[in-house]
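**Q** Below you'll find the structure I mean.
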Amino acid sequence: MAAPAALFEYLVRLGDNCLILGHRLSEWCGHGPVLEEDLALTNVALDLIGQATLWLELAGEIEGRGRTADQLAYLRDAGEFRNLLLVEQPNGHYGETLARQFYFDTWHCGLLQGLSHSQHPRVADIAAKSLKEATYHLERSEEWVVTLGDGTDESHARMQQAINDLWMYTGELFVMDEIEQDLVAEGIAVDLAELREPWLKQVGKTLDEATLTLPQAGWMQQGGKQGVHTENLGFILADMQFLQRAYPNATW
Amino acid sequence: MQDWPLFEVFIRSQHGLSHKHVGSLHAPDAETAIHYARDVYTRRNEGVSIWVVKSADIAASSPGDKGPLFEPANSKVYRHPTFYDIPKEVGHM
């Protein structure tokens, strides 16, 4: 069986992606372009925070030091967060939020599909439950990318810009490290490198339909999984963790 | 977004037989309207099936026609099946 430390690390990566992206999306709550879209996006945020809770709960159990999902979420500092750089990027305009979501959802679905066959039954359960939500998220983000890409000249230009600007954060989605390789060998984790081709194909197909251009391969940023983040994460945590930091153990 | 059409939303509930009107929303197209209906009206497990229809496509009776349309039925009590003797064996109907 996997070393608890390695599995803990892996689960925290899964949980932090959902937590940070969920928090980012929650920033739109009450600010959406129309009421219907505000509700829809907030639902996605809630789904992701629910998934984060499941992953971080399991991580805390595996770690065995009695840390709860809440403690992991609110009482770690930026260097201990393991989310991908993509999910901590600012919301920008609505097209940028949707481009980030589109890249993530396409990847997330592939990942969860793989994880739903994990040898670790708890991991497989959480993945299977999350996959249903992620499938809906992807349907939504694909539709929006097509609507805005194949929309007016302005929406097309803005969407293309967003797709280009976030591209450098997509390389990290498929980078494997030793921890993941060991867990793949044990049948627990998913080989991210194998997700790359199907991801490119699916992203390319949707961009095609949206009359947008798939960005060229180029320099890719990475480091989120090792705790080396962009400056954005600090601001997110300052907002997200403020209450627990200022009033330790506050509940309501 | 100002020109998004209005859609009427119909949901079939868990145990309901037919779709019931639950409200309306704005959406760019029918497919998105179904997505929005899912997020606005089925968050608490209200339904198993969603219909949306553009409000403009619904033909409706006018409130002003209430008299000619519905009042003639008022004076026709014989249309209610209250004049039959029901045999005891039939029991409660």
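All of the numbers you see were taken from the coordinates with simple rules; none came from a lab. All figures in this text were calculated on a predicted structure; none of them were measured in a lab. Please note: Cβ atoms are built from the backbone with ideal geometry, for glycine as well, and neighbour counts cover all protein chains shown.
**Q** Using only Cα atoms, tell me the angle between helix A:153-166 and the longest principal axis of chain A; keep it within 0 to 90° and round to the nearest 10.
**A** Here the helix axis deviates by roughly 30 degrees.
**Q** Provide a whole-number value for the mean count of partner chain Cβ atoms within 10 Å of the Cβ atoms in peptide A:113-122.
**A** Taking the mean over all residues of the peptide, I get 0.
**Q** Amide H to amide H, which residues 5 or more places from B:Ala27 or on other chains are under 5 Å from it, using H placed in the peptide plane?
**A** HN-HN under 5 Å from B:Ala27: B:Phe7.
**Q** Which ³J(HN,Hα) values in Hz, rounded to whole numbers, follow from the phi angles of region A:239-252 under the Karplus curve 6.51 cos²θ - 1.76 cosθ + 1.60, where θ = phi - 60° and Gly and Pro get x?
**A** 6, 5, 9, 3, 4, 5, 6, 7, 10, x, 6, 4, 9, 8
**Q** Another question, then. Quick one: what are the phi-derived ³J(HN,Hα) couplings along region A:95-108, Karplus 6.51/-1.76/1.60 with θ = phi - 60°, whole Hz, x for glycine and proline?
**A** The phi angles translate into x, 5, 4, 6, 5, 4, 5, 5, 4, 5, 4, 4, 5, 4 Hz.
**Q** How about region B:12-65: which trypsin sites (Lys or Arg not before Pro) there are in a DSSP loop, with at most 12 other Cβ atoms within 10 Å of their Cβ?
**A** In loop regions of region B:12-65 (DSSP not H, G, I, E or B), the sparsely surrounded trypsin sites (Lys or Arg not before Pro) are B:Arg43, B:Arg44.
**Q** Enumerate the amide H contacts of A:Glu186 below 5 Å, restricted to partners 5 or more residues apart or on another chain; note that Pro and chain-start residues carry no placed amide H.
**A** So A:Glu186 has HN proximity to no qualifying residue.
**Q** Where is the GNM fluctuation largest for chain A (alpha-carbon springs, 10 angstrom cutoff): A:His137, A:His229, A:His31?
**A** Ranking A:His137, A:His229, A:His31 by mean-square fluctuation puts A:His31 first.
**Q** At what distance in angstrom do the alpha carbon centres of region A:51-81 and region A:192-252 lie from each other?
**A** Measuring centre to centre over Cα atoms gives 19 Å.
**Q** Now, a different point. Which entries in A:Lys205/A:Lys225; A:Lys129/A:Lys225; A:Lys132/A:Lys225; A:Lys129/A:Lys205; B:Lys66/B:Lys88; A:Lys201/A:Lys225 show an alpha-carbon gap greater than 30 Å?
**A** Beyond 30 Å between Cα atoms: B:Lys66/B:Lys88.
**Q** Just A:Cys109, A:Cys29, A:Cys18 to compare: in a GNM of chain A, with alpha carbon springs under 10 Å, which one fluctuates most?
**A** Checking each option, the largest mean-square fluctuation is seen for A:Cys29.
**Q** Quote the charge dipole size of chain A about the Cα centre in Debye, to the nearest 20; the model charges only the Cβ of Lys and Arg (+1) and of Asp and Glu (-1).
**A** For chain A, the charge dipole is close to 440 debye.
**Q** Another question, if that's okay. How shielded is A:33-42 by partner chains, expressed as the average number of their Cβ atoms within 10 Å of its Cβ atoms? List each step's numbers first, then the result.
**A** Values: counts 1, 8, 4, 14, 8, 1, 6, 6, 1, 1.
Mean inter-chain Cβ contacts per residue within 10 Å come to 5.
**Q** Between A:Gln71, A:Gln216, A:Gln119, which gets the highest mean-square fluctuation from a Gaussian network model of chain A, Cα cutoff 10 Å?
**A** Per the Cα network of chain A with a 10 Å cutoff, A:Gln216 tops the list.
**Q** Output the Cα-based Rg and Dmax of the protein assembly as shown in Å, rounding Rg to one decimal and Dmax to a whole number.
**A** 25.7, 88
**Q** When the Cα centres of region A:168-186 and region B:38-93 are compared, how far apart do they sit, in Å?
**A** The two parts, judged by their Cα centres, are 60 Å apart.
**Q** Identify the chymotrypsin sites (Phe, Trp or Tyr not before Pro) of chain B meeting these criteria: DSSP loop state and at most 13 other C-beta atoms within 10 Å of the C-beta.
**A** On the way: sites: B:Phe7, B:Phe10, B:Tyr36, B:Tyr41, B:Trp51, B:Phe70, B:Tyr78, B:Phe83, B:Tyr84; in loops: B:Phe83, B:Tyr84.
Passing sites in chain B are B:Phe83, B:Tyr84.
**Q** By how many degrees, 0 to 90 and rounded to 10, does the Cα axis of helix A:192-209 deviate from the longest principal axis of chain A?
**A** 20
**Q** Order A:124-136, A:85-97 from most to least packed using the mean count of other Cβ atoms within 10 Å.
**A** My ranking of the peptides, most packed first, is A:85-97, A:124-136.
**Q** Sticking with this one: Roughly how crowded by other chains is peptide A:131-140, in terms of the mean Cβ count from those chains within 10 Å of each of its Cβ atoms?
**A** Across A:131-140, the average partner-chain Cβ count within 10 Å equals 1.
**Q** Can you give the angle from 0 to 90° between the axis of helix A:4-26 and the longest principal axis of chain A, with both taken from C-alpha atoms, to the nearest 10?
**A** 40
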